[in-house]
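Participant: Have a look at this one.
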């Protein structure tokens with residue numbers, strides 16, 4: 001598989017830092033020795049070992065969960081990296097020390113002891129480094145899986161809430177249609193035709209978990225056209241949507257329950273009906289959606305109502321704590337509901 005060079009560069013920098021720490025630790029135990037050879041050997045051996053293992057693993061079949069080869073190929077790759085790093089790194093460091101005169105000739109050196117110590121440090125450092133990067137890759141994979149599972153669960157919950165909302169809307173509309181049949185059959189037929197058009201457009205669009213705000217407004221216009229057959233001139237509406245917000249994605253049928261509540265609890269009980277205003281605005285970071293009516297209003301917060309409860313739950317599943325529902329009503333003054341949504345919801349995906 002291709003090498004992710006940004007991730008490889010990050011791993012190389014981490015390896016270099018690890019090598020510097022090893023060199024500093026060695027110098028701390030033997031401050032009488034020159035520090036330049038310690039630094040040269042540590043960096044040469046460490047970086048070559050890293051390059052063979054971390055870059056070489058992309059040439060082998062890797063496990064989906066970690067990005068590292070499984071079984072014997074992985075073990076052999078680590079052993080090959082240690083051997084290559086030790087031999088080639090020592091040779092390169094020797095050349096650097098000779099070229100820049102970093103060796104001290106006035107101190108006797110136990111060659112066998114130096115070889116054993118260097119080999120032991122290489123083995124321990126390589127094993128620790130491999131385990132570190134393996135663990136990081138595994139943790140990043142598990143975090144991505146957790147985020148994906150959380151997203152799927154939220155999407156399933158959104159679909160469940162939406163599937164409950166659609167029949168509730170339909171039953172309320174049929175109840176209105178039944179009442180109209182008994183009092184005004186021609187208007188009932190017109191309402192039935194409008195209901196047929198509304199369902200064709202709405203039920204098809206609501207199968208997605210997100211759609212553009214412009215589509216949400218189109219569904220509101222369909223619903224208000226349906227309700228205007230029943231209420232006639234008693235229902236007036238104003239829908240305002242800036243062009244800059246038309247393409248912003250929102251859950252389907254997010255505003256319809258609020259408009260339905262405004263008609264059912266605010267305007268229908270009023271003798272002269274009233275006006276519903278729906279508007280969208282933004283301050284650059286937050287999207288505000290407002291549904292306001294000038295109906296009869298009420299006292300208190302109807303937290304147990306079906307429509308508001310479902311809107312709150314859908315906001316929580318779609319946006320988490322970034323979204324809010326603000327409700328205000330006063331008897332004789334109408335009701336206002338404002339939805340506070342993040343203008344661009346963030347979705348962070350960790351990289352290995």
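None of the figures in this text is laboratory data; all of them are computed from the coordinates on show. Note that this is a predicted model, so its numbers are computed, not measured. With ideal geometry, Cβ positions are generated from the backbone for all residues, glycine too; neighbour counts draw on all protein chains shown.
Participant: Sort 198, 29, 100 so that the residue with the fewest other Cβ atoms within 10 Å of its own Cβ comes first and the one with the most comes last.
Facilitator: Fewest-to-most Cβ neighbours within 10 Å comes out as 29, 100, 198.
Participant: Turning to a different aspect of this structure: Give me 238, 209 sorted ascending by neighbouring Cβ count inside 10 Å, so fewest comes first.
Facilitator: Going from sparsest to densest Cβ surroundings: 238, 209.
Participant: Here is a follow-up. Assuming 0.36 nm per residue, please report the length gained on full extension of the stretch residue 182 to residue 271 beyond their Cα-Cα distance.
Facilitator: Taking 0.36 nm per residue and subtracting the Cα distance, the gain is 30.1 nm.
Participant: Percent of Cα-Cα pairs per 5 Å bin, from 0 to the last occupied bin, for segment 5-146, please list those.
Facilitator: Reading upward from the zero bin: 2, 9, 17, 22, 17, 12, 8, 6, 4, 1, 1, 0.
Participant: What does the C-alpha gyration tensor say about the overall shape of segment 184-342? Classify as rounded when a/c is under 1.5, otherwise prolate if a/b is larger than b/c, or oblate.
Facilitator: Oblate, since a/c reaches 1.5 and b/c is not below a/b.
Participant: Would you mind ranking 5, 68, 327 so that the residue whose beta carbon has the fewest other beta carbons within 10 Å leads the list?
Facilitator: Ordered from fewest to most neighbouring Cβ atoms within 10 Å, 5, 68, 327 come out as 5, 327, 68.
Participant: Along Cα→Cβ, 7 Å out, is where each label goes; now give me the distance between the ones at residue 79 and residue 234 in nm to one decimal.
Facilitator: Once both label points are built, they end up 8.7 nm from each other.
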